[in-house]
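Each remark here refers to the structure printed beneath this line.
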């Protein structure tokens, strides 16, 4: 049975209690421009410090693949990816960067970040 995209992220237990950083790069990300319907290509970089869970890599690949037919602005997709990582893995810190290829003469790089300690303090 062929592999299919999925709209959710799976996680597995973090094998270490030590604080460490995980860096992931997906150079073949594609979504659609919501204005023109044309494909937008990007390299997605995720850097995070896990807490109790880590992102399962095949799940991330299938999750990112699910955007290939979705019309969504660059800023929205990067923030959605960050929100979904936070919901699934609850990392201590996370940054998602979307480095979108030149389109119409403009290259776009969108960065969204999260820090559990800072977010927790802001909510108090």
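If you scan the range 62-73, which residues turn out to be out of contact with any strand residue (DSSP E or B) (no Cβ under 8 Å at 6 or more places or on another chain) and part of a loop (DSSP other than H, G, I, E, B)? Steps first, answer last, please.
Kept after step one, since they are out of contact with any strand residue (DSSP E or B) (no Cβ under 8 Å at 6 or more places or on another chain), are these residues of the range 62-73: 62-63, 65-66, 73.
66, 73, listed by residue number.
Would you say residue 57 is at pLDDT 95 or above, within 23 Å of residue 11 (Cα to Cα) and surrounded by fewer than 17 Cβ atoms within 10 Å (Cβ to Cβ)?
yes
Within the range 74-89, can one find any residue that is at pLDDT 95 or above, under 21 Å from residue 7 (Cα atoms), more than 11 Å from the chain's Cα centre (by Cα) and in a loop (DSSP other than H, G, I, E, B)?
no
Rundown of residues vs (1) on the phi > 0 side of the Ramachandran plot; (2) in contact with a helix residue (DSSP H, G or I) (Cβ under 8 Å, 6 or more places away or on another chain); (3) free of Cβ contacts under 8 Å to residues at least 40 places away in the same chain, yes/no style:
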| position | (1), (2), (3) |
| --- | --- |
| 59 | no, no, no |
| 65 | no, no, no |
| 82 | no, no, yes |
| 86 | no, no, yes |
| 90 | yes, yes, yes |
| 93 | no, yes, no |
| 100 | no, yes, no |
| 103 | no, no, no |
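State the number of residues belonging to the range 1-21 that are in contact with a helix residue (DSSP H, G or I) (Cβ under 6 Å, 6 or more places away or on another chain) and in a loop (DSSP other than H, G, I, E, B).
Number satisfying all stated conditions: 4.
Step by step: first the residues of the range 22-61, then only those that are part of a loop (DSSP other than H, G, I, E, B) and within 15 Å of the chain's Cα centre (by Cα), then the one that is farthest from residue 101 (Cα to Cα). Which residue is that?
Residues of the range 22-61 part of a loop (DSSP other than H, G, I, E, B): 33-38, 50-52, 56.
Adding the requirement that they be within 15 Å of the chain's Cα centre (by Cα) leaves 50, 56.
Numbers: 50: 29, 56: 27 Å.
The qualifying residue farthest from residue 101 (Cα to Cα) is 50.
I'm trying to understand the selection: among the residues of the range 25-48, which are within 20 Å of residue 95 (Cβ to Cβ), surrounded by fewer than 16 Cβ atoms within 10 Å (Cβ to Cβ) and touching a residue at least 40 places away in the same chain (Cβ under 8 Å)?
Result: 43, single match.
In the range 72-100, how many residues are surrounded by 13 or more Cβ atoms within 10 Å (Cβ to Cβ) and more than 19 Å from residue 9 (Cβ to Cβ)?
Count: 4.
The values are calculated or read from the model by the stated rules, or taken from the named source; none is laboratory data. Model, not experiment: these values are computed from the prediction. Glycine also receives a Cβ, built like all others from the backbone with ideal geometry; neighbour counts cover every protein chain displayed.
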